[in-house]
Amino acid sequence: MQRKVLPLIAALLFSAIPSVQAATAQVGFSPEGTAQVLVLDVIHTAKHDIRMMAYSFTAPDIAKALIEAKRRGVDVKIVVDDHSNTGHSSRAAMNLIVNAGIPLRTNDHYKIQHDKVIVIDGGTVQTGSFNYTASAERSNSENVLVLWNVPDVAKAYLGHWESRWEQGKPYISSY
């Protein structure tokens, strides 16, 4: 009996110990395509929440991925620079987002809000020069850095995001 019980007890004890994942980093570049892939991977990986700050936002594939995340039950919120998102492509992307039920605010508190950041699930940060635009995906020389499993770094970015969110004004869809 003891031979059967001890392995069972050991298995139960070890399965109750939370696993700690090591911090890892990944980089991607445009126009080579790896930057876009990483950004989309971060969005697709989110389970609970996405907080995004953008200077310019026009990319339909990123808008679609954010909407899909919302439909999966992920809490998505976005704050963008007000001045650089007045064109047709930006308005189209922002209308899609807001019409899907995702809160989006524009921030005109600074000369430019030049942040390009996504934080997911309070532990992963995507940042770099990559604007969330088709030009960044296909034409520009850009970079993306993703820091996985870095809750302390994510907490700092979330504090920064929260301050920009509080300064922002809700975007109202034009259709």
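No value in this document is a laboratory result; all are computed from the given coordinates. Just so we're clear, the structure is a prediction, and the values are computed from it rather than from any experiment. Neighbour counts run over all protein chains shown; Cβ positions are idealised from the backbone, glycine included.
Scanning the stretch 46-68 for residues that are surrounded by 15 or more Cβ atoms within 10 Å (Cβ to Cβ) and under 17 Å from Gly123 (Cα atoms) gives Ala46, Asp49, Ile50, Arg51, Met52, Met53. Being surrounded by 20 or more Cβ atoms within 10 Å (Cβ to Cβ), of a type outside the set (Phe, Trp, Tyr) and at negative phi is a property that holds for Val119. Scanning the stretch 75-89 for residues that are surrounded by fewer than 20 Cβ atoms within 10 Å (Cβ to Cβ) and over 14 Å from Asn107 (Cβ atoms) gives Asp75, Gly87, His88, Ser89. Does Gln126 meet the test of being under 26 Å from Gly33 (Cβ atoms), crowded, with 22+ Cβ neighbours inside 10 Å and either touching a residue at least 40 places away in the same chain (Cβ under 8 Å) or within 12 Å of the chain's Cα centre (by Cα) (or both)? In short, yes. Highlighted here are the strands (runs of 3 or more DSSP E) found entirely within the stretch 71-175 that include at least 1 residues which are among the polar types (S, T, N, Q), in contact with a strand residue (DSSP E or B) (Cβ under 7 Å, 6 or more places away or on another chain) and within 23 Å of Asp41 (Cβ to Cβ): 124-128, 142-148.
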